[in-house]
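What follows is a set of notes on a single structure, which appears directly below.
The values are calculated or read from the model by the stated rules, or taken from the named source; none is laboratory data. Just so we're clear, the structure is a prediction, and the values are computed from it rather than from any experiment. FYI the Cβ positions are ideal-geometry reconstructions off the backbone, even for glycines, and counts take in every protein chain you see.
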Amino acid sequence: MSIDLPLSVERDAQQPMSAQLVAQLRSAMGEGRLAAGERLPSSRALAGLLGVSRTVVTEAYEQLYAEGWLEGRHGSGTYVTEGVAAAPMPRPQAKTKPVRRAAAPHEIDLRPGLAWIGALDTPAWRRAWRLAAGMPPQQRQDPHGLLGLRQALADYIRRSRGVTCPLDGLLITRGATNGLDLLAATVLRPGDRVGVEEPGYGRARAVLRGRGAELVPCPVDEHGLVVDALPDDLRLVYTTPSHQFPMGGVLPVPRRQALLAWARRNGAIIAEDDYDGEFRYDVAPLPALYGLDPDVVVYLGTTAKILTADMGVGWLGGRPDLVAEVALRREELNDRTAVVPQDALRLLLERGDLDRYVRRMRGEYARRREVVVQALDGLPLRGDTAGLHLVVDVPETVAARAVDEAARRGIVLETLDRHHMGPVRASGLVIGYGSAATLAELRKGCEIVRTLAG
Ligand SMILES: Cc1ncc(COP(=O)(O)O)c(C=O)c1O
């Protein structure tokens, strides 16, 4: 065996054995105990050593491949990717698009941005709202939000997103965009240059512009933000590393580390919008970027995709001193999150209902994704391993024609160009699989898209 590491797996632990192995190898690589370029033992050898089946090891390796920690060299085994091992990082000094219309009842809506709510109205959901509405009124709440919800959320993001956030580093918002707005209102001065992904999320651009930022479009490719192209003079960069919106890339570990190093070098803040990070279909979700360096990342979470945007609750995680400043600024602005939705979410979390629902939705979205991918068979797809949308990569003229023709057949589609702030760099259709009411409608809509865009 070519590595000498204390690896062990427990058969009776709650965590599956492959996940235990992933966690141990990930931390060994992150801490530099396993160095870049080092060769890992073959799956057969490691399985023999640990006394487990070979599948346990191959599953763990597959996950680490997908996260970018490992690379294969043809015919010669598995290696730690160059550039991923931890290097000590220096400390820091400290065109508006039209509003979109609602789909008419008879239409099939294939646009991104909405979660499927067909199974949301459960007894647990009703119970949480009923109890929350029956709580005695409060005169004044802590600008960080309800303590009980922050406690339940700190547990949830640790379980679901692999990050630890201290309670004084967590503030309840009305959603990811509200969190970004509060952050911008706290840290930006008029004219500060702020990087946004291009193409990217239009509402984030609108919020940042509204706080006086000078927006700097930063290119993305099929893996997400192109970190090497970031200018050094940005105060903040807004990014969606778990599933780039709208292109769908999942930012690989070496780029995550380069992004953190860039932020530290330049004293910049990274705003991580983790809007749909719970949903990944090929391998387990990657932990949030925030977990790698809570000092330079501000984490923006939301119920918009795991429940519904209409719940109006999100969370912001960050360095406690920065979060305290956000809380103060929020008081100045008289900005708050209503108490009843906070309590409803707390109850859903405390009783395990949210975890159960997210597990169920993971299955539902995996089925929906499968239907979409099958129905679009033969078209070039991007970004389909995570989240609730994917991109059909077709020329602008084909995409525009497909939108018009689909509209005549009662199908609402969206093109990639509307997600650009500058000249269009990537063309195609963005297909969301949360909006359509049923699997049958989703299939029918996508089959028509295939005939129009193929
Ligand atoms: C990239 C991105 N971020 C965030 C959100 C949700 O934001 P909010 O929590 O403010 O509703 C969405 C919803 O479509 C989104 O696409």
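A few points about this structure:
- Test set (1) in contact with a Cys (Cβ under 9 Å, 6 or more places away or on another chain); (2) over 25 Å from PRO320 (Cα atoms) - ILE157 fails condition number: (2)
- Checking ASP293 against (1) in contact with a Phe, Trp or Tyr (Cβ under 6 Å, 6 or more places away or on another chain); (2) away from the ligand (no atom under 16 Å from the Cβ), the condition it does not meet: (1)
- Whether a residue is touching a strand residue (DSSP E or B) at 6+ places or on another chain (Cβ under 9 Å) and either on the phi > 0 side of the Ramachandran plot or outside the structural domain of LEU390 (by the TED database) (or both) was assessed, and GLY434 does not pass this test.
- Under the condition of being within 16 Å of ASP384 (Cβ to Cβ) and of a type in the set (Lys, Arg), the residues counted in the range 263-291 number 1.
- When the criteria are applied in full, GLU71 fails the requirement of being assigned by the TED database to the domain that holds LEU21, under 30 Å from GLU364 (Cα atoms), modelled with pLDDT of 80 or more and under 28 Å from the mean Cα position of the chain (by Cα).
- A search for C-beta distances below 6 Å between a residue of the range 286-310 that is over 15 Å from TYR156 (Cα atoms) and acidic (Asp, Glu) and any residue that is in a loop (DSSP other than H, G, I, E, B) and within 9 Å of the ligand (Cβ to nearest atom), counting only pairs 6+ apart in sequence or on different chains, returns nothing.
- The set of residues from the range 151-204 being within 11 Å of the ligand (Cβ to nearest atom), part of a helix (DSSP H, G or I) and either modelled with pLDDT under 95 or not aliphatic (A, V, I, L, M) (or both) comprises THR177, ASN178, GLY179, ASP181, GLY202, ARG203.
- One residue alone among ALA338, ALA271 is closer than 24 Å to TYR201 by Cα and within 16 Å of the ligand (Cβ to nearest atom), and that residue is ALA271.
- Every condition in (1) more than 16 Å from the ligand (Cβ to nearest atom); (2) surrounded by fewer than 19 Cβ atoms within 10 Å (Cβ to Cβ) holds for GLN257 except the one numbered (2).
- Residue under evaluation PRO252, criteria (1) under 19 Å from TRP315 (Cα atoms); (2) surrounded by fewer than 21 Cβ atoms within 10 Å (Cβ to Cβ), criterion not met: (1)
- Residues that are within 14 Å of PRO199 (Cα to Cα), surrounded by fewer than 22 Cβ atoms within 10 Å (Cβ to Cβ) and among the aliphatic types (A, V, I, L, M) within the range 384-424 comprise MET421, VAL424, listed in sequence order.
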